[in-house]
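Everything below concerns the one structure shown next.
The values are calculated or read from the model by the stated rules, or taken from the named source; none is laboratory data. Because the structure is a prediction, the values reported are computed rather than measured. Every residue, glycine as well, gets a Cβ built from its backbone with ideal geometry; the counts of neighbours run over all protein chains shown. Accessible surface areas use protein heavy atoms only, side chains included; no ligands, DNA or RNA. Shrake-Rupley method; radii C 1.70, N 1.55, O 1.52, S 1.80 Å.
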Amino acid sequence: MSNNNLKPRCLSIGGKDIFVVDDHHYVLLIWGRLYKTRKHPMVLVSIDYHPDTNPPFWLWAYQKAMAIDPDREVELVAKFQQRMMITIEPLNLDSVRKAIGQMRNDEQINTAMALGYLSDYHMINCMEKHTYSKGSHYLVPKTQFGSLEDAMFKNIKLPLKKIGAEDLILDIDLDYFLRQENFELDLDQNRIFADLVRQAQIITVARSKSYFDFLRTEEFTIKSCEEKLIGLLEKIIRR
């Protein structure tokens, strides 16, 4: 476990807090802390290469179920998921911290929904358009992978008026950015991402180094990617 997960890098820029973790599911602790302070659930806008909306503790439960009795997979998966969820008290972050080791880095969003930290989410990604009873998915066209331009947000039909009325958490995974030019955003011509940044109560960032290294389409480091994103966020916030 990376130390940057339990003690994330925290920056405050113009009064806005930005938290950086190594593995994406550890943002659950940050969202939980915000919920504990605000006393009401937030709405999430997440920008990621992957959808990250698998059910809570799904892989851990699936592996246990298959090891015990593959013919009872559905029943046992639900049982083991429930077993983990009842160990968590939403306002007790120590209970979250103890359980999070059994969580994968694509299960944090629906876990946050189940715990009441989030009331809704908008998942912008490059892979799948899942359909659940709550939450919305938006699939980025291949020609716009990594883009933060207005054209991308309009293309996926992100409901900006609805989102504009919400208390937001903005969540970003660095593996979304395939090229350094993704950060060369003309803020006079592209305002949607900047508006999301300004509206967000907090911003969480996942480094996801192994996925970033696999997906990038040119040579640049995770450190450089993180610096470029933070630089863009600072430019927007101080503008």
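A few remarks follow.
- On the stretch given as the range 187-205, residues that are over 14 Å from GLU234 (Cα atoms) and open to solvent by 50 Å² or more (accessible area, probe 1.4 Å) total 4.
- Selection of first residues in the range 115-143 that are more than 30 Å from ILE86 (Cβ to Cβ) and open to solvent by 60 Å² or more (accessible area, probe 1.4 Å) and of second residues that are assigned to a loop (DSSP other than H, G, I, E, B) and of a type outside the set (A, V, I, L, M, F, W, C), restricted to Cβ pairs under 7 Å at least 6 apart or on distinct chains, gives the following pairs, ordered by first then second residue: MET127/TYR49; MET127/HIS50; MET127/PRO51; LEU139/LYS129.
- The set of residues in the range 169-182 being open to solvent by 20 Å² or more (accessible area, probe 1.4 Å) and touching a residue at least 12 places away in the same chain (Cβ under 8 Å) consists of ARG179, GLN180.
- Among residues of the range 163-175, those that are assigned to a helix (DSSP H, G or I), touching a His at 6+ places or on another chain (Cβ under 9 Å) and not β-branched (Val, Ile, Thr), counted: 1
- When TYR117, TYR121 are checked against the criterion of being out of contact with any strand residue (DSSP E or B) (no Cβ under 6 Å at 6 or more places or on another chain) and either at pLDDT below 95 or within 23 Å of VAL96 (Cβ to Cβ) (or both), a single residue qualifies: TYR117.
- Test: residue in the range 31-42 that is crowded, with 16+ Cβ neighbours inside 10 Å and β-branched (Val, Ile, Thr): no
- Cβ-Cβ under 6 Å pairs, at least 6 apart or on other chains, the range 10-28 side in a strand (DSSP E or B), far side among the basic types (Lys, Arg) and surrounded by fewer than 20 Cβ atoms within 10 Å (Cβ to Cβ): VAL20/ARG9
- Members of the range 206-239 that are over 21 Å from HIS24 (Cα atoms), in a helix (DSSP H, G or I) and open to solvent by 50 Å² or more (accessible area, probe 1.4 Å): GLU234, LYS235, ARG238
- Residue in the range 127-148 that is more than 23 Å from SER208 (Cα to Cα), more than 15 Å from the chain's Cα centre (by Cα) and at pLDDT 95 or above present: no
- Only a single criterion out of (1) in contact with an Asp or Glu (Cβ under 7 Å, 6 or more places away or on another chain); (2) of a type outside the set (A, V, I, L, M); (3) exposed (fewer than 12 other Cβ atoms within 10 Å of the Cβ) is not satisfied by SER12, namely (1).
- Among the candidates HIS122, HIS130, HIS137, the residue that is in a loop (DSSP other than H, G, I, E, B) and of a type outside the set (D, E, K, R) is uniquely HIS130.
- Filtered residues of the range 187-219 (kept if within 26 Å of ASP23 (Cβ to Cβ) and of a type in the set (A, V, I, L, M)): LEU196, VAL197, ALA200, ILE202, ILE203, VAL205, ALA206, LEU215
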